[in-house]
Amino acid sequence: MAYSAALKTGIGALRRQLERWNLGRQSAQFAQHGHHEPAPDAPLLLVACSGGRDSLALAAVAHIVCAAWGLRCGAVLVDHQLQEGSHEVSWHAAEQCRELGLDPVVVVPVTVTASGQGEEADARASRYGAFVETAQQYDASAILLAHTANDQAESVLIDLIRAAGTDALAGMPDHTSVDGVLFLRPWLMDVTREQTTAMCQDLGLHWWDDPTNGDHIAPQEPLPAAYPLRSRVRHTLMPEFNRFAGRDMVSRLVAATRIARRDVEYLNAQAASLYDEAVHMALPTPAAPGDDGARDDECVETLAELDVDALREAPEALRFRVLDQALANCDIPHGSAQIEAIDQLICAWHGQRPVRVAKHYSALRWPHVIRLCKDKGHANRRRAGHHRP
């Protein structure tokens, strides 16, 4: 068949990313004309499909590319069971994936457990847990996510609303690893939602629109605050941003993320090296305050020790990233104010009292070490497993 311009764009973007991850053409025979079946042990790619236009379009394009290159292609669909009729939506999308030729096609119902982080975050955690479990079960080489350039631009605005800093400008990475499973976002920079809509129309695919997206509300009418933040950014903020700027701000924001992501990855690599040098995670044993520095009788367990000399000589940009990672690895709630206060213990030490980082957590300085401590009232709480950046 003759491919439309939108399909060509989608195919090209997917091919480029697969090649970067050594998931290109499997043998010379797939460069020849005719139909060739992939080997039973060929790498398997699973498309994360919701039934929406973006993921259905990716499922179709992934099948085209995999068939041409000798890769196996399947799909995994997660039923969050949060909306009436979600079971039917999942199974209808699964049937479309099967009709496209994907195999295996797996539908995974999940129970979304409230964690206090909000339903959207809880659903995401449940979804990724299902993705990881399915990928491991089928020994998939990667899971393909259908995030588009529109999603990338919206993510930047959401992160700027919720947070600050260079990371907020970097948007989503085009790949990530969760529990050893590789997730790829091949359309994050080069494919728009308008193009995925065109792909589905070209291929006769019938997508499902999540009602929480607010697509049924007139474009000129702002979405109520009860809708998810991403939906309000998509429906209300981004169109107004485009009108105000008099240009397509999706492409401008995506271009900015390319630069910011490059800078963030460099900073993260440098910070990881400094972290290995300066941060030492402690075994869960009681801390014994010494006589040669600050004391705090409330500190009953040292979670980590930070090398003051190594951190003091490093640029502030790296120190702050290392402190943020160390606090996160100790499961200590914190914000920029707490990081700045600990940084004062490093760079402006004059015998000040320990920093109260959060309830039951403190940072104390000895002459050449800062200890991240658990206080008396929190001594018996078990810590979750930690990870290094």
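The values are calculated or read from the model by the stated rules, or taken from the named source; none is laboratory data. Remember, predicted model here, so these are calculated numbers, not experimental data. A quick note on method: Cβ atoms are made from the backbone with ideal geometry, for glycine too, and the neighbour counts reach across all protein chains shown. Each accessible area value is taken on the protein alone, full model and side chains, heavy atoms only, with ligands, DNA and RNA left out. Shrake-Rupley method; radii C 1.70, N 1.55, O 1.52, S 1.80 Å.
Quotient of the Cα radius of gyration of the chain and 2.2 N^0.38 Å, N being its number of residues: 1.16. Once both labels are positioned 7 Å from their Cα atoms along Cα-to-Cβ, the gap between Val178 and Gln117 label points is 1.0 nm.
A simple count of charges around Gln195, restricted to other residues whose Cβ falls under 12 Å of its Cβ and scoring Lys, Arg +1 and Asp, Glu -1, yields -1.
Name all residues of region 158-174 having a backbone nitrogen under 20 Å from the label point set 7 Å from the Cα of Ala337 along its Cα→Cβ direction, giving them as ranges. The answer is 161-165, whose backbone nitrogens lie closer than 20 Å to the label point.
Shown for the chain: the carbon plus sulfur share of the solvent-accessible area, taken with all protein chains present and a 1.4 angstrom probe, equals 51%. Shown in residue order for region 136-148 are the 3J(HN,Hα) couplings computed by the Karplus curve 6.51 cos²θ - 1.76 cosθ + 1.60 at θ = phi - 60°: 5, 4, 9, 6, 6, 6, 6, 10, 9, 10, 9, 5, 9 Hz (x for Gly and Pro).
For the chain, the Cβ-based charge dipole about the Cα centre amounts to some 500 debye (Lys, Arg positive; Asp, Glu negative; other atoms uncharged).
The residue among Gly116, Gly12, Cys373 whose Cα reaches farthest toward the positive pole of the charge dipole of the chain, with charges on the beta-carbon of Lys, Arg, Asp and Glu, is Gly12. Listed as lacking a disulfide-compatible partner in the chain: Cys49, Cys97, Cys200, Cys330, Cys347, by the criterion of no other cysteine Cβ under 4.7 Å.
Each label was represented as a point 7 Å from its Cα along the Cα-to-Cβ direction; for Glu88 and Arg262 these points are 5.0 nm apart.
Report summary: the helix-based calculation at 222 nm, which adds -39500 (n - 2.57) for every DSSP H run with n ≥ 4 and divides by the residues of the chain, gives -14000 deg cm²/dmol. Heavy atoms of the protein chains alone define the surface here; on that basis region 1-133 has 50 Å² accessible area per residue at 1.4 Å probe size. Toward the positive end of the charge dipole of region 32-156, with +1 on the Cβ of Lys and Arg and -1 on the Cβ of Asp and Glu, the farthest Cα among Cys66, Gln81, Ala135 is that of Cys66. Taking 7 Å steps out from each Cα toward its Cβ at Arg252 and Arg98 produces label points 4.8 nm apart. Our summary of shape: the Cα atoms of region 133-238 have principal axis extents of 46, 43, 26 Å, ordered from largest down, in whole angstrom.
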